[in-house]
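The structure appears right after this line, and notes come after that.
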Amino acid sequence: MSKANSLPAGELALPFACILVVSTLFTAGLWPFNPFPRNQVTWLTTGKGLQFGDHGVVFSREPVKRTMPKDASSCALTIRVQPDAVSRGASGTLIGIYTADNTSQFRLMQWRDFLLIRKDYRDTNNRFKTTEVDLEHAFVNTEPVSFTITLGPEGNVAYRNGIRAAGTTRVGLSCVDFAGQLVLGDSATIDNAWRGNILDLALYDRELTPQEIASKYASWNGKQTDQGPSGEQHLVAQYAFNQGSGQVVHGVPGSAPDLYIPQIFKVPHKKMLMWPWEESHDKLEFRDIVINIFGFVPFGFVFAAYLTWNRNVSRAMFITILCGAAISLTIEILQEYIPGRDSGILDIITNTSGTFLGALIFRWAPMQNLAAKLLDFLRSGEQISES
């Protein structure tokens, strides 16, 4: 196909198409254009618990400090939550415990009806590794559910609603993982917001017995008085979320760090250009990967057409791919400053792949012939309007 027959109508049509496609990509990649969104955390009207909306976060400015020696091997964490949904798309981080050296030290996450238990640690080569355990059917409908994780001489055990969950021993946690700053309702490093209510949270410096865990669950459901750990000498921090108002959540005992509800939503330690294995589960779903690929196909097509027909560039396909990668990189860097978006390398890979696919489609002879007919149609319409 000759360039000469296409230029008159294409000189304006293709540049306009390029501008339109690029504008659409930036709009989709940076929406919503709000670097200071409202933090969607409110007290429940029942007077006990916090409700987390689409983007809500609560965090401590000071770390949880253990009362036992650092080498102590017994401790426990209990949390009671109520998710907004358990179907497709329901995901997010319930709680994270992090330090300056390891911002993903420990976290509990929801993915559909799964409870995900995650721990990041450094291996012998000082590289971060992740251990994980997934509890299937941990969430049922939108009912309140309690989880307890105990660490003791026999290993790590997880309980759901006071009952030991099968296949959850030897998670690989240590009590050091329960010492650090707290973040609730989202991750400390990415926007992995969770929707629902957090009703209770407690950390102990000793392993809870099955009887104590069952008793605590029964007390939550109002069936009996809590006969849990006696005294507070082993209670590191507990948050009953029963204040009903205010921007600060106080814990017990007095040494427990306060939790803060900021006015503006912001991920505490957001990462720029995360590696694919650091992404949340929903970003790794096939549907989202396909959207990120095909979203850049139009750019690859129209930009390759513009460079080939309007500019007569010899290496149009290669330059198009570089431009697609550059646009994707720019979007991902800017997403660092938008709390509701995540900055990741996976998007750059998929976007660049989409650009390559679009340029490849343009080089397909039947597609070039179809595009030529469209440009000829535009040219004929231009000639009619001039006459």
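The values are calculated or read from the model by the stated rules, or taken from the named source; none is laboratory data. Model, not experiment: these values are computed from the prediction. Because the Cβ atoms are built from the backbone with ideal geometry, glycine has one as well, and the counts that use them run over all protein chains shown.
Considering GLY89, GLY167, GLY155, GLY162, which residue is of a type outside the set (Ser, Thr, Tyr), farther than 21 Å from VAL58 by Cα, in contact with a helix residue (DSSP H, G or I) (Cβ under 8 Å, 6 or more places away or on another chain) and at pLDDT below 90?
Residue meeting the stated conditions: GLY89.
In segment 234-268, what residues are surrounded by 19 or more Cβ atoms within 10 Å (Cβ to Cβ) and part of a strand (DSSP E or B)?
Within segment 234-268, LEU235, VAL236, ALA237, TYR239, VAL249, LEU259 qualify.
Looking only at segment 269-290, how many residues end up being assigned to a helix (DSSP H, G or I), among the aliphatic types (A, V, I, L, M) and at pLDDT 85 or above?
2
If you check every pair at least six apart or on different chains, which have Cβ atoms under 8 Å apart with a residue in segment 279-303 that is under 15 Å from ARG112 (Cα atoms) first and a residue that is modelled with pLDDT under 95 and assigned to a helix (DSSP H, G or I) second?
ASP282/ASP288; LYS283/LEU346; LEU284/PRO276; LEU284/LEU346
Exactly one condition in (1) crowded, with 16+ Cβ neighbours inside 10 Å; (2) at pLDDT 90 or above; (3) closer than 26 Å to PRO35 by Cβ; (4) within 22 Å of the chain's Cα centre (by Cα) is false for ILE293; which is it?
Just one mismatch for ILE293, condition (3).
Please go through segment 338-352 and pick out each residue that is crowded, with 20+ Cβ neighbours inside 10 Å and in a helix (DSSP H, G or I).
Listed by number, the residues that qualify are LEU346, ASP347, ILE348, THR350, ASN351, THR352.
Which of the residues that make up segment 304-346 are in contact with a Lys or Arg (Cβ under 8 Å, 6 or more places away or on another chain) and closer than 26 Å to PRO32 by Cα?
So in segment 304-346, the residues in contact with a Lys or Arg (Cβ under 8 Å, 6 or more places away or on another chain) come out as 304, 308-309, 312, 317, 335-336, 339, 342-344, 346.
Selection gives GLN335, GLU336, PRO339, ASP342, SER343, GLY344, LEU346.
Might you let me know whether segment 35-53 holds any residue that is at pLDDT below 90, more than 15 Å from GLY340 (Cα to Cα) and out of contact with any strand residue (DSSP E or B) (no Cβ under 6 Å at 6 or more places or on another chain)?
Yes: one or more hits.
For the subset of segment 332-378 comprising residues that are in contact with an Asp or Glu (Cβ under 8 Å, 6 or more places away or on another chain) and not charged (D, E, K, R), which member is nearest to MET272 (Cα to Cα)?
Narrowing segment 332-378 to residues in contact with an Asp or Glu (Cβ under 8 Å, 6 or more places away or on another chain): 332, 335, 339-348.
If we keep only those that are not charged (D, E, K, R) as well, we get 335, 339-340, 343-346, 348.
Working: GLN335: 8, PRO339: 12, GLY340: 13, SER343: 5, GLY344: 7, ILE345: 9, LEU346: 12, ILE348: 12 Å.
The selected residue is SER343.
Per-residue answers, yes or no, for (1) touching a Ser or Thr at 6+ places or on another chain (Cβ under 6 Å); (2) in contact (Cβ under 8 Å) with a residue 60 or more places away in the chain; (3) within 23 Å of GLY172 (Cβ to Cβ):
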residue: HIS55; (1), (2), (3): no, yes, no
residue: TRP111; (1), (2), (3): yes, yes, yes
residue: PHE128; (1), (2), (3): no, no, yes
residue: ASN141; (1), (2), (3): no, no, no
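Out of all the residues in segment 322-379, which are touching a residue at least 12 places away in the same chain (Cβ under 8 Å) and basic (Lys, Arg)?
ARG341, ARG363, ARG379
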